[in-house]
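The values are calculated or read from the model by the stated rules, or taken from the named source; none is laboratory data. Predicted model, so just to flag it, every value in this text is computed and none were measured. With ideal geometry, Cβ positions are generated from the backbone for all residues, glycine too; neighbour counts draw on all protein chains shown. Areas reflect the complete protein model, heavy atoms only, side chains present, ligands, DNA and RNA absent. Shrake-Rupley method; radii C 1.70, N 1.55, O 1.52, S 1.80 Å.
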Amino acid sequence: MALYNKLRLEVKNRVGFMMMDSGARFNKLTINMLKELKHGLAELQASDEAACIVLSGYPGESFAVGADIGQMVKFDSQHAFAFAELGQSLFAAMESCTKPIIGALNGITMGGGCDLSLACDLRIASDALRFAHPGAKLGILTGFCGTQKLPRLLGRNFANEIFMTSDVYGPEDALRMGYVNCVHPADIFWPEVVAFAERIAANPAPSLGYAKKAINAAEDCDLKNGCILESGLFSALFPLRDTSGSCKEKEV
């Protein structure tokens with residue numbers, strides 16, 4: 001695997017681990033971090049050994065605390081737009097990746113870090129989770145699709161509350177709002193994440209990829225066209241099945 005400055009990559013038991021590690025208490029989504037995440041994602045996408053991907057900042061204090069304010073204060077409108085495009089291109093690549101991506105939210109998940117988690121297909125949280133969108137307090141707005149994706153996941157009321165108050169929320173709020181799939185105590189968080197990822201990775205890669213494609217399309221398709229897409233994907237899986245009834249291990 002390639003060498004990274006702010007990222008650690010590993011594949012074990014069919015799970016690809018993409019671990020943010022900025023060398024400080026808090027993982028910031030700097031320009032370099034975003035670029036490394038794009039390269040790391042492409043590497044795991046191309047790996048035949050990884051059937052699903054876990055993205056986390058474990059064992060650090062944060063998943064990601066958002067953009068680096070030290071970089072952002074130097075932005076003019078042109079630089080800010082380019083930065084937003086870079087982040088959005090990463091999130092688009094995550095969503096188009098054929099492998100399920102699990103966001104393992106080990107701690108502080110703020111601003112752009114929250115947006116990064118929204119590009120994951122599933123989110124598992126430690127009870128150390130603290131999440132927020134503090135942009136309003138800073139006089140800015142996220143450029144990483146949060147205003148579009150958070151209402152789709154949580155509903156408009158919760159999204160308005162999160163963006164307009166800049167309040168910090170905990171794991172109970174994350175469950176109540178529907179932001180995460182489950183919460184585990186910090187001392188068993190990582191074993192639970194690994195076990196969950198391995199359960200998913202044990203399934204054939206084509207069926208995982210096609211399920212992700214169909215479910216993601218449901219947000220943008222009307223029901224009729226979504227059902228047509230599902231029928232096509234359903235039928236396309238049959239030539240990939242072997243005589244045991246399982247899908248052959250072939251990328252979709």
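Worth a mention:
- Among the residues listed as Ala201, Ala174, the single one being over 18 Å from Met94 (Cα atoms), at pLDDT 95 or above and either in contact with a Gly (Cβ under 6 Å, 6 or more places away or on another chain) or of a type in the set (A, V, I, L, M, F, W, C) (or both): Ala174
- Phe91 vs. criteria touching a His at 6+ places or on another chain (Cβ under 6 Å), assigned to a helix (DSSP H, G or I), of a type outside the set (Lys, Arg) and modelled with pLDDT of 95 or more: no
- Those residues of the range 135-171 which are modelled with pLDDT of 95 or more, open to solvent by 90 Å² or more (accessible area, probe 1.4 Å) and more than 18 Å from Leu116 (Cβ to Cβ), in sequence order: Arg156, Asn157, Met164
- Residues of the range 65-83 include at least one that is closer than 30 Å to Ile200 by Cα and not aliphatic (A, V, I, L, M).
- Subset of the range 113-133 (residues that are open to solvent by 10 Å² or more (accessible area, probe 1.4 Å) and over 11 Å from the mean Cα position of the chain (by Cα)): Asp127, Ala128, Arg130
- Residue list for the range 229-252, restricted to those being in contact with a Pro (Cβ under 9 Å, 6 or more places away or on another chain), at pLDDT 55 or above and either aliphatic (A, V, I, L, M) or at positive phi (or both): Ala236, Leu237, Leu240
Per-residue answers, yes or no, for (1) open to solvent by 70 Å² or more (accessible area, probe 1.4 Å); (2) modelled with pLDDT under 95:
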{"site": "Leu3", "(1), (2)": "yes, yes"}
{"site": "Leu7", "(1), (2)": "no, no"}
{"site": "Phe17", "(1), (2)": "no, no"}
{"site": "Ser22", "(1), (2)": "no, yes"}
{"site": "Leu41", "(1), (2)": "no, no"}
{"site": "Asp68", "(1), (2)": "no, yes"}
{"site": "Ala82", "(1), (2)": "no, no"}
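For (1) within 27 Å of Gly170 (Cα to Cα); (2) in a strand (DSSP E or B); (3) among the hydrophobic types (A, V, I, L, M, F, W, C), each residue gets a yes or a no:
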site	(1), (2), (3)
Glu10	no, yes, no
Arg25	yes, no, no
Met33	yes, no, yes
Asp48	no, no, no
Ile53	yes, yes, yes
Gly70	yes, no, no
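- The set of residues from the range 43-57 being touching a strand residue (DSSP E or B) at 6+ places or on another chain (Cβ under 7 Å) and either modelled with pLDDT under 95 or crowded, with 21+ Cβ neighbours inside 10 Å (or both) comprises Leu44, Ala50, Cys52, Ile53, Val54, Leu55, Ser56, Gly57.
- Candidates Ile215, Ile188, Ile162, filtered to the one that is farther than 23 Å from Ser62 by Cα and of a type in the set (A, V, I, L, M): Ile215
- The single condition from (1) open to solvent by 10 Å² or more (accessible area, probe 1.4 Å); (2) in contact with a strand residue (DSSP E or B) (Cβ under 6 Å, 6 or more places away or on another chain); (3) closer than 24 Å to Leu41 by Cβ that Asn203 fails is (2).
- Each residue in the range 94-111 was checked for being open to solvent by 10 Å² or more (accessible area, probe 1.4 Å) and not in a loop (DSSP other than H, G, I, E, B), and 4 pass.
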